[in-house]
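Below is one structure, written out as structure tokens; comments come after it.
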Amino acid sequence: MRIAFITDPHIGAEGEKPMGVDVRQNFLQALAHLEHIRPNGLVIGGDICYQAGDRETYTWVKELLSGLPFPHYIISGNHDDSVLMAEVFGRSNFLTGSELYYALPLEGHPALFLDSSKGQFSAKQWAWLREYLLALRDNNVLVFMHHPPLPADVAFMDAHHPFLQTEQFLSLVRELPCHVTVVCGHYHVDKVVQRGNLLTLLSPSTYYQMKQDSDGFAVDHYRVGVREINLDTHGTTSTVHYIG
């Protein structure tokens, strides 16, 4: 089972180029590269929109994804509107209040799709997550969420835009006898962080990549990144592809 993960495209209005970057063209390049990865499915990891949820942007992305020969899945980032996104992508049945989270098997592999768009989970989402993880306790679990669930030594993001419930997340995962892999974006870096039975795969953006050791906001480079995740009976492996 091979999954492609594209995250943080930050797509603005047609013709808009944030920081001089043609974000729409970058997203198209990322989708075109999927022909080389040949995934069984695609996950879009949030921050689809540049600054705030926008119907035209979601519609443009949905039309592109609808033409792919494999299924696609979406999660919300902090620059998204979960309710609007669910409406446009036909996922309103997965809404709980203003949060978009759900569980779907990926060819038999249990996968959870979470909503960290507010930087934290509601009490309802926590209860749902805990119930699912405990039910799946004898299976390795794949989790998709926008924010890394723990600090990742990316100085600026750890200090200014972290997930706000790290200790609660780690405490829940520590209860499990299985291995939990979290695939996420938000930090605009390619990095792997292991803590106990939790493996976190931070994934690059299609917009820009950040310097990891800078206390202030600083761009490392503008190469477009796509993560490939391979699931088999022996576990999970992953590769990051940079385009251009």
Confirm whether residue 228 is more than 19 Å from the chain's Cα centre (by Cα) and not aromatic (Phe, Trp, Tyr).
-> no
Is it the case that the range 207-220 has a residue that's of a type in the set (Ser, Thr, Tyr), surrounded by fewer than 20 Cβ atoms within 10 Å (Cβ to Cβ) and free of Cβ contacts under 8 Å to residues at least 60 places away in the same chain?
-> yes
Being within 24 Å of residue 163 (Cβ to Cβ), surrounded by fewer than 16 Cβ atoms within 10 Å (Cβ to Cβ) and free of Cβ contacts under 8 Å to residues at least 24 places away in the same chain narrows 92, 98, 66 down to just 98
Inside the range 138-177, can you point out the residues that are free of Cβ contacts under 8 Å to residues at least 12 places away in the same chain and open to solvent by less than 50 Å² (accessible area, probe 1.4 Å)?
-> 158
Residue check: is residue 3 touching a residue at least 40 places away in the same chain (Cβ under 8 Å) and open to solvent by less than 40 Å² (accessible area, probe 1.4 Å)?
-> yes
What helices (runs of 4 or more DSSP H) completely inside the range 1-94 contain at least 1 residues that are in contact with a strand residue (DSSP E or B) (Cβ under 6 Å, 6 or more places away or on another chain) and farther than 27 Å from residue 141 by Cα?
-> 23-37, 55-66
Evaluate the range 39-62: report whether one residue or more is free of Cβ contacts under 8 Å to residues at least 12 places away in the same chain, open to solvent by less than 60 Å² (accessible area, probe 1.4 Å) and either aliphatic (A, V, I, L, M) or closer than 18 Å to residue 188 by Cβ (or both).
-> no
Counting just the residues of the range 104-137 that are of a type in the set (D, E, K, R) and assigned to a loop (DSSP other than H, G, I, E, B), which one comes out surrounded by the most Cβ atoms within 10 Å (Cβ to Cβ)?
-> 115
Can you tell me which residue in the range 7-47 is farthest from residue 119 (Cα to Cα), limited to those that are of a type in the set (Val, Ile, Thr) and in contact with a Gly (Cβ under 7 Å, 6 or more places away or on another chain)?
-> 23
Lone qualifier among 224, 189, 182 - being of a type in the set (Val, Ile, Thr), modelled with pLDDT of 95 or more and either surrounded by fewer than 14 Cβ atoms within 10 Å (Cβ to Cβ) or out of contact with any Phe, Trp or Tyr (no Cβ under 9 Å at 6 or more places or on another chain) (or both) | 189
Report whether or not residue 33 is closer than 26 Å to residue 231 by Cα and touching a residue at least 40 places away in the same chain (Cβ under 8 Å).
-> yes
Please state which one of 183, 226 is more than 14 Å from residue 144 (Cα to Cα) and not in a loop (DSSP other than H, G, I, E, B).
-> 226
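The values are calculated or read from the model by the stated rules, or taken from the named source; none is laboratory data. These numbers come from a predicted model, not from an experiment. Glycine gets a Cβ as well: all are built from the backbone with ideal geometry, and neighbour counts include every protein chain shown. With ligands, DNA and RNA removed, areas are computed over all heavy atoms of the protein, side chains included. Shrake-Rupley method; radii C 1.70, N 1.55, O 1.52, S 1.80 Å.
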